[in-house]
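Take this structure first; my questions come after.
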Amino acid sequence: MRDAGLAGHGGAAFPTHRKLISVAEAGRRTGRTPVAVANGAEGEPASFKDKTLLRDAPHLVLDGLQLAAEAVGAGEAHLAIEAGTGLRAPLTAAIAKRAEHGADLLPVRLTEVPRRFLSGQSSALAEHLSGRPALPRYQRPPVRERGVGRAPTLVQNAETLAHLALIARYGAAWFRSAGTEDEPGSMLCTVHAAGHRPWVTEAAFGTPLRQLVPLDSGVQAVLVGGYHGIWIPAGQAAGLRLSAADLGSPGAGVLAALPADRCGLVETARVLRYLALQSAGQCGPCLNGLPRIAAAFSTLAERGAGGDAVRDDIARWAGLVEGRGACHHPDGTARLVRSALTVFAGEIDEHGRGYCRGAGGAPLLPVPAEEY
């Protein structure tokens, strides 16, 4: 994994070999047998890549889970998915088929987690698998040192494990034949464009964004990375590549092209309200900060309302919540807020004068109706 340069595909892009080493060493140091978890709990509403992978190539993910479990010396293997996705039955059949053929060293326990934005966060997942509510806990000690049942726990994204299985089969040089020197390999992206159903595509790192998402004159901005990602003006995005060097982080691989006849403030306000409602409510930044930011941003999204005072309050509050949460939920939300204030600054001024470019079309970004 070190030679291949594989990094995590759940959003954080942490080097996979370092996580494997850390869990294995924690197991030796503590005398506790590690636990391995395949994270297919895709809480990001705009992302469908892991669901697609688990539906179309489940054995690739399960191969990777077995290899990772063996590498860290795990005594348990889990596959976590969201409830209500329709994946439980086919995955149960796939696991049973592997057991019938003696393909696995460890039996795999399939678990459904609540359909919430934070359920797939590593510590929330460890808590759920330990029999407690699926809520994040403070990051010290990290899950890789104390996770499921207080044992060192490897929580690895489903797509990362699929790549791991392919690297084990074909080698590090094969993996590096795609992508760039600094970011080898490929990633799955969920693409949203007005008038189309979202689709999942695989692209090598370094691929120009203009080849993945429509960036014609009818598009004003692109959301990159999902609801903890950033907005980028379409003209700027046309010159960027799918890479951390260009984007900061592609996150979970969400690319959403916002049409020129939709309002970026309205779209962002909907997402921020959803993110505030999805808070675990365990710390001040989430319990108090995110609802206040979401409410103020909704004011900006109204015609004839808002202005510099509200804009300044939102920017200040975003700085106050960042780096202070039990998990990174406030940080990701603040990242989205800052980018929206910058990219849609002109729209804020137009709203203050009573004008909105949105023509009342269907929202681009999905927000679960029961949570809105």
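The values are calculated or read from the model by the stated rules, or taken from the named source; none is laboratory data. Here the structure is a predicted model, which means the values were calculated and not measured. Cβ atoms come from the backbone with ideal geometry, glycine included; neighbour counts cover every protein chain shown. The area values use the complete protein model at the heavy-atom level, side chains included, leaving out ligands, DNA and RNA. Shrake-Rupley method; radii C 1.70, N 1.55, O 1.52, S 1.80 Å.
Under the rule of -39500 (n - 2.57) per DSSP H run of 4 or more residues, summed and divided by the residues of the chain, what mean residue ellipticity at 222 nm is obtained, to the nearest 500 deg cm²/dmol?
-12000 deg cm²/dmol
Note the angle between two axes, namely the Cα long axis of helix 58-72 and the longest principal axis of the Cα atoms of the chain, as a number of degrees from 0 to 90, rounded to the nearest 10.
60
What is the antiparallel percent of DSSP beta bridges lying wholly in the range 211-301, to the nearest 5?
Percent antiparallel among DSSP bridges in the range 211-301 is about 100.
Could you calculate the contour length gain from residue 238 to residue 101, that is, 0.36 nm times the residue separation minus the distance between their Cα atoms, to one decimal place in nm?
44.4 nm
Could you name the lysines whose alpha carbon sits less than 24 Å from that of residue 19, not counting residues in the same chain fewer than 8 places away?
Partners within reach: 49, 51.
For the range 295-372, report the accessible area per residue in Å² (1.4 Å probe, heavy atoms, rounded to an integer).
On the way: 3770 Å² over 78 residues.
Heavy-atom accessible area per residue stands at 48 Å².
Enumerate the aspartates and glutamates that residue 97 could reach by cross-link, defined here as Cα to Cα under 15 Å, with residues fewer than 8 away along the same chain left out.
Reachable aspartates and glutamates: 63.
When a/c reaches 1.5 or more, the comparison of a/b and b/c decides; with that in mind, is the range 68-166 rounded, prolate or oblate per its Cα gyration tensor?
Details: a/c = 1.90, a/b = 1.28, b/c = 1.48.
Here the range 68-166 falls in the oblate category.
I want the local charge near residue 143. Using Cβ-Cβ distances under 11 Å, sum +1 for each Lys or Arg and -1 for each Asp or Glu among the other residues.
Spelling it out: positives minus negatives among the neighbours equals +4.
Antiparallel DSSP bridges in the chain: what percent, to the nearest 5?
Within the chain, antiparallel bridges account for around 45 percent of the total.
Taking the Cβ of residue 340 as the center, what net charge do the other residues with Cβ under 12 Å away carry, scoring Lys and Arg +1 and Asp and Glu -1?
Taking every Cβ under 12 Å from that of residue 340, the sum is +2.
Can you figure out the FRET efficiency of residue 110 with residue 353, using R₀ = 56 Å and their beta-carbon distance, to the nearest 0.05?
Values: r = 55 Å, r/R0 = 0.98.
Step by step, r from the Cβ atoms, then E = 0.55.
Could you work out the local net charge near residue 61, counting Lys and Arg as +1, Asp and Glu as -1, over the other residues with Cβ closer than 11 Å to its Cβ?
-3
What's the center-to-center distance, using Cα atoms, between the range 64-103 and the range 242-307 in Å?
35
Name all residues of the range 1-18 having a backbone nitrogen under 15 Å from the label point set 7 Å from the Cα of residue 172 along its Cα→Cβ direction, giving them as ranges.
The answer is 1-7, 15-18, whose backbone nitrogens lie closer than 15 Å to the label point.
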